[in-house]
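Student: This structure is in structure tokens; I'll ask about it shortly.
The values are calculated or read from the model by the stated rules, or taken from the named source; none is laboratory data. Please read all numbers here as calculations on a predicted model, not as lab measurements. Positions of Cβ are generated from backbone atoms using ideal geometry, with glycine treated the same way; all protein chains shown enter the neighbour counts.
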């Protein structure tokens, strides 16, 4: 992880073993082509690109896996390979959240008020997948992070920054920081923010966006920075609780799940890291 020759970006794909990374909606228990045949009114790709397009195109759009990894927001060939080469990628567990993450030495609180965080981010720092080197004297790294919910998905609970570092004994360490969150919750004495709540209706396999936030943005400064130690930082964006696929299956197939089966989940996005390398 800390060897600069082996820094890697963060890809994303499904785990449903259908080899269709773009089809990750938990609310559809059947394969995507079956959804097309059934003519489901809530078939997400129909809503996304327009019902006027032919079903074959919709199927190809989904099967092509162009909507899962964050790399593929722009579909120009050059943009895809450029993003992968510089590791400016993120992944999600299914939802199509938009995530921005930049690191540098000059970000200020007012930067989080700008409605174009990418413009600020590129002008003052490096994006996810980038490298920071040799901290300026007396400086700690600052990070600009922003997330926008899936337009037809759940609200956001919080954004976390996970820091990993090599301590002076050469052992790896890790710490999770709650950076920004929805509502008026306050961190506890341990620094952790309380849970956001839960609106899931299990019998109906549904939820409501009456908690959480549609977008979150924050400038964060590492409070525990040691310029002599190698480190990396990555972002985790967490949604409010939603029905797990087991809840959708229970409703769809009219079955009762055993009590030990989880019925809710918290979907998330996670970015490629930004690495810090001290001066030699």
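Student: Could you please give the count of residues in the range 164-175 that are in contact (Cβ under 8 Å) with a residue 24 or more places away in the chain and more than 19 Å from the chain's Cα centre (by Cα)?
Tutor: 5
Student: If residue 117 satisfies all but one of (1) under 17 Å from the mean Cα position of the chain (by Cα); (2) without any contact (Cβ under 8 Å) to a residue 24 or more places away in the chain, what's the number of the condition it fails?
Tutor: Only one criterion is unmet by residue 117, namely (2).
Student: A further question on this structure: Regarding residue 210, is this residue in contact (Cβ under 8 Å) with a residue 12 or more places away in the chain, under 23 Å from the mean Cα position of the chain (by Cα), within 24 Å of residue 151 (Cβ to Cβ) and surrounded by fewer than 20 Cβ atoms within 10 Å (Cβ to Cβ)?
Tutor: No: the conditions fail for residue 210.
Student: Identify all residues within the range 125-175 that are surrounded by fewer than 18 Cβ atoms within 10 Å (Cβ to Cβ), over 30 Å from residue 197 (Cβ atoms) and touching a helix residue (DSSP H, G or I) at 6+ places or on another chain (Cβ under 8 Å); write none if there are none.
Tutor: The answer is 131, and nothing else.
Student: In the range 70-81, is there at least one residue being surrounded by 15 or more Cβ atoms within 10 Å (Cβ to Cβ), in contact (Cβ under 8 Å) with a residue 24 or more places away in the chain, over 16 Å from the mean Cα position of the chain (by Cα) and farther than 30 Å from residue 211 by Cβ?
Tutor: Within the range 70-81, not a single residue is surrounded by 15 or more Cβ atoms within 10 Å (Cβ to Cβ), in contact (Cβ under 8 Å) with a residue 24 or more places away in the chain, over 16 Å from the mean Cα position of the chain (by Cα) and farther than 30 Å from residue 211 by Cβ.
Student: Sticking with this structure for a sec: Given the criteria part of a loop (DSSP other than H, G, I, E, B), in contact (Cβ under 8 Å) with a residue 12 or more places away in the chain and closer than 26 Å to residue 113 by Cβ, does residue 157 qualify?
Tutor: no
Student: Within 30 Å of residue 265 (Cβ to Cβ), at pLDDT below 95 and surrounded by 12 or more Cβ atoms within 10 Å (Cβ to Cβ): is that true of residue 117 in this structure?
Tutor: yes
Student: When you go through 190, 178, 226 one by one, which is the residue that is in contact (Cβ under 8 Å) with a residue 24 or more places away in the chain and surrounded by fewer than 20 Cβ atoms within 10 Å (Cβ to Cβ)?
Tutor: 226
Student: Which one of these does residue 255 not meet: (1) touching a strand residue (DSSP E or B) at 6+ places or on another chain (Cβ under 9 Å); (2) part of a loop (DSSP other than H, G, I, E, B); (3) more than 28 Å from residue 113 (Cα to Cα)?
Tutor: That leaves (1) as the condition not met.
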